[in-house]
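Reviewing the structure listed below.
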Amino acid sequence: MIIRVIAVDDHPLILKALSDLLKEHPDIQLVATTNQGSQLLKLVREKSPDIAIVDLGMTTDSFDPIFSVRTLHEQYPKVKVLILTGYDDGLWVRELVKAGASGYMLKSDDFSLSIPQAVRALHAGGKFFSPGIADKLFDNELDNKLTSREISVLNLMAQGLSTEAISSNLGISEKRVRNLLVSICDKLVVDRTDGVSLRIAAINEARKLGLIPSE
């Protein structure tokens, strides 16, 4: 049986490396790639993959990985999600697993060994995590800091999206977005400073704490 795979990553070299690698494994077929996070669900719908390999950071378009993985899992529960990223923060690991990801790999891993192994493990109904990542699933230090929805709002704000765009992206009202920003600032103890908006101050503090990827 051929395992059908799609890959979503905004780095052309990563997509080429995945393509070159998986050609060496006849039981795994890379059926489509894209550098646009917004195309994830469209590719799943059109290509019917078994596995979706998804990066976290997208510079090419607005993309919230937690919301996208949760939506994919709800609409296509048979499609397994493997996160492939350079970001190893424990909060992201836990929230993405809660959202439905079955694996979480770091780009610093040995692709030639890890990717085929991870794809086969997920296809067989198992899980796959980079060394050290599994430990982060049980690290509760940041669990009470922000909710997954608050993280999503912060992540999209950091990408430069307006309140209206965030509302549309997450399917919530603009008032809800503004309320979430207030909650975020309360939890992070963020105040407006001279020359810096509340939004920028919240983003800066979240990056300092490692709650969202740095620039």
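The values are calculated or read from the model by the stated rules, or taken from the named source; none is laboratory data. None of these values were measured; they are calculated from a predicted model. Virtual Cβ from ideal backbone geometry, glycine too; neighbours counted across all protein chains shown.
Tell me, yes or no, whether region 92-110 has at least one residue that is of a type outside the set (A, V, I, L, M, F, W, C) and touching a Pro at 6+ places or on another chain (Cβ under 7 Å). No - not one qualifying residue is present in region 92-110. Comparison of L43, L21 shows that the only residue that is over 26 Å from R207 (Cβ atoms), out of contact with any Phe, Trp or Tyr (no Cβ under 9 Å at 6 or more places or on another chain) and among the hydrophobic types (A, V, I, L, M, F, W, C) is L43. Is it true that some residue in region 37-46 is β-branched (V, I, T) and crowded, with 17+ Cβ neighbours inside 10 Å? Among the residues of region 37-46, at least one is β-branched (V, I, T) and crowded, with 17+ Cβ neighbours inside 10 Å, which makes the answer yes.
Among the residues of region 11-33, is there at least one that is within 16 Å of Q75 (Cβ to Cβ) and surrounded by 19 or more Cβ atoms within 10 Å (Cβ to Cβ)? So far as region 11-33 goes, no, none of its residues is within 16 Å of Q75 (Cβ to Cβ) and surrounded by 19 or more Cβ atoms within 10 Å (Cβ to Cβ).
Of all the numbered requirements in (1) at pLDDT 85 or above; (2) closer than 25 Å to Y76 by Cα; (3) surrounded by 14 or more Cβ atoms within 10 Å (Cβ to Cβ), G125 misses one, and that requirement is (3). When we screen S62, S48, S38 for residues that are out of contact with any Pro (no Cβ under 7 Å at 6 or more places or on another chain) and closer than 17 Å to K80 by Cα, the only hit is S48.
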